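All remarks here apply to the structure that follows.
The values are calculated or read from the model by the stated rules, or taken from the named source; none is laboratory data. As the structure is a computational prediction, the values presented were derived from the model and not from experiment. We place every Cβ from the backbone using ideal geometry, glycine too, and count neighbours over all the protein chains shown.
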Amino acid sequence: MTSVDDIRAQALEVASGWSPSDQPESWRLTAALFTMIAGHDELLAALSALPPERMPALLASAAVTFLVRRTEPTPLSRYFPVAGRPQPLLDDDFGSAAAAFVSARLPDIMAICASHTYQMNEVARCAQIALGISAMHSQGPIALVDLGTGAGLGLQLDRYQYEIDGHGTGPSDAGLTLTCEVRGDNQPPRLELPPITSRAGIDLNPVDLGDPAARGWLEACLPPEASALTRLDLAIEISRQTPARVVSGDAVEALPGVLASMPPDLPVIVTDAFLAVFLSAAGRAKLFTTLSEASRSRPVTWLSLNPLVPLGPTGHDSVQGLAVPERLIADYQEHGVFAVLGARTFEHAAEGGTLLARAHPSGLWVEWLA
């Protein structure tokens, strides 16, 4: 079970980290939704029956969004965006309308929480992962393995176009452009992806993009922000046109078999975006061991984009065990969740690592550290 105070703190951390005061107006609804969750005592009490690894605050936000889109209650549904359309205006009535809806539909919300797993496929995070690949491997073809890949959108990152701080790169005919602002004093490397000649993803519950209910749940797990929904729609179409192999299974348990299936002459880049934060310390240690063992026959790099652990306002460690500067830890604990991008390298079982960047949880900006 999870304590009510922990769930409340998690919701408030997400509200402040995803949607701080300097973010575009379209992100205010995300903060308002999580703030409502943090203040709804009846909902928090029900969520406390869920184990912490289910991420109760995030799961509740998805369940509420899913039910609102399915039932279209008045006036609440008018606040929630639709892909391809402008973000609806947010006013002071949202909080009371949302709280009343939750109180009236609490059994339905908890039933959705019981039958679903939170699975956020924020394709904008591919911009940070692509920068990490460019920094760590700029020459020669690679094999790509994406952990917790969901719908496989992270396996398509070489098929997207990127605009990093105003500089464009990627296929000119790409159906999706991912925009990322650069913050801080350091410039990231030029984004130049090597050829990806073999790719596969692993997910406990792979998403069938042809299933309307599965697609609806993917949309519900995104922040209720119009551009995020539009990105998802465009990325889904790309993935349906060029589907990649997705293996069903536990990411850590299935990884040795997937690594062994890759061409033996290729270095492997293993990526995860907001997957390792859901693993136990023992699970992360086993992942580390698996990657080290695989590197006896080829170079392996683990690129990880995750919040600090433990997830919540006391987070202080990288999921990869990389040293995190005290200023970043203090900022994280005071101002809410952000992601850190780290790289662990393995070759002949020898390992190294570096913290590359920190980033907005939905990929809006990156601050290069390395």
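Before we move on, is PRO56 touching a His at 6+ places or on another chain (Cβ under 8 Å) and touching a residue at least 40 places away in the same chain (Cβ under 8 Å)? The answer is no for PRO56.
A quick yes/no check of all residues on (1) within 16 Å of LEU234 (Cβ to Cβ); (2) touching a Cys at 6+ places or on another chain (Cβ under 6 Å); (3) surrounded by 17 or more Cβ atoms within 10 Å (Cβ to Cβ); (4) not assigned by TED's automatic domain parsing to the domain that holds LEU341:
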{"residue": "ARG159", "(1), (2), (3), (4)": "yes, no, yes, no"}
{"residue": "GLY168", "(1), (2), (3), (4)": "no, no, no, no"}
{"residue": "THR179", "(1), (2), (3), (4)": "yes, no, yes, no"}
{"residue": "VAL182", "(1), (2), (3), (4)": "no, no, yes, no"}
{"residue": "PRO188", "(1), (2), (3), (4)": "no, no, yes, no"}
{"residue": "PRO195", "(1), (2), (3), (4)": "no, no, no, no"}
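Scanning region 114-128 for residues that are in a helix (DSSP H, G or I) and surrounded by fewer than 22 Cβ atoms within 10 Å (Cβ to Cβ) returns ALA114, SER115.
In this structure, GLU334 does not satisfy being of a type in the set (Asp, Glu), within 30 Å of ASP265 (Cα to Cα) and not assigned by TED's automatic domain parsing to the domain that holds GLN23.
Inspect all residues belonging to region 310-331 and state whether any of them is in contact (Cβ under 8 Å) with a residue 24 or more places away in the chain, over 19 Å from ASP185 (Cα atoms) and not in a loop (DSSP other than H, G, I, E, B). No: region 310-331 contains no residue that is in contact (Cβ under 8 Å) with a residue 24 or more places away in the chain, over 19 Å from ASP185 (Cα atoms) and not in a loop (DSSP other than H, G, I, E, B).
Of all the listed residues (ALA343, ALA323), the sole one being in contact with a strand residue (DSSP E or B) (Cβ under 9 Å, 6 or more places away or on another chain), more than 23 Å from ALA127 (Cβ to Cβ), of a type in the set (A, V, I, L, M, F, W, C) and not assigned by TED's automatic domain parsing to the domain that holds GLN23 is ALA323.
Restrict the check to region 83-94 and report whether at least one residue is in a helix (DSSP H, G or I) and in contact with a helix residue (DSSP H, G or I) (Cβ under 8 Å, 6 or more places away or on another chain). So far as region 83-94 goes, yes, one or more of its residues are in a helix (DSSP H, G or I) and in contact with a helix residue (DSSP H, G or I) (Cβ under 8 Å, 6 or more places away or on another chain). Here region 1-30 is the region considered, the condition is being touching a helix residue (DSSP H, G or I) at 6+ places or on another chain (Cβ under 8 Å) and hydroxyl-bearing (Ser, Thr, Tyr), and the residue that is farthest from LEU89 (Cα to Cα) is THR2. If you go through region 282-315 and pick out every residue that is under 19 Å from the mean Cα position of the chain (by Cα) and over 22 Å from GLY154 (Cβ atoms), you end up with 4.
When region 284-309 is filtered for residues that are part of a strand (DSSP E or B) and at pLDDT 95 or above, the ones remaining, listed by number, are VAL300, THR301, TRP302, LEU303, SER304, LEU305, ASN306. Here region 192-210 is the region considered, the condition is being more than 20 Å from the chain's Cα centre (by Cα) and among the aliphatic types (A, V, I, L, M), and the residue that is farthest from MET136 (Cα to Cα) is ILE196. In region 237-249, the residues that are in contact (Cβ under 8 Å) with a residue 12 or more places away in the chain form Cβ pairs under 9 Å with partners that are among the basic types (Lys, Arg) and in a helix (DSSP H, G or I), at six or more places apart or across chains, as follows: ILE238/ARG159; SER239/ARG159; THR242/ARG159. Checked against (1) of a type in the set (Gly, Ala, Ser); (2) part of a strand (DSSP E or B); (3) touching a residue at least 60 places away in the same chain (Cβ under 8 Å), GLY353 meets all criteria but (3).
Here's the yes/no breakdown for (1) closer than 30 Å to LEU90 by Cβ; (2) modelled with pLDDT under 95; (3) of a type in the set (D, E, K, R):
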position	(1), (2), (3)
THR179	yes, no, no
ASN186	no, no, no
GLU192	no, yes, yes
PRO212	yes, yes, no
PRO224	yes, no, no
LEU259	no, no, no
ASP272	no, no, yes
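Out of all the residues in region 1-31, which are assigned to a loop (DSSP other than H, G, I, E, B), surrounded by fewer than 19 Cβ atoms within 10 Å (Cβ to Cβ) and either at pLDDT 90 or above or among the β-branched types (Val, Ile, Thr) (or both)? Residue satisfying the conditions is SER3 alone. Within the set ALA45, ALA49, the sole residue that is part of a helix (DSSP H, G or I), surrounded by fewer than 20 Cβ atoms within 10 Å (Cβ to Cβ) and not assigned by TED's automatic domain parsing to the domain that holds GLU225 turns out to be ALA45. For region 267-274, the count of residues that are closer than 30 Å to THR65 by Cβ and outside any strand (DSSP E or B) is nonzero. Looking at region 139-154, is at least one residue surrounded by fewer than 18 Cβ atoms within 10 Å (Cβ to Cβ), at pLDDT below 95 and not assigned by TED's automatic domain parsing to the domain that holds LEU29? Yes, region 139-154 contains a residue that is surrounded by fewer than 18 Cβ atoms within 10 Å (Cβ to Cβ), at pLDDT below 95 and not assigned by TED's automatic domain parsing to the domain that holds LEU29.
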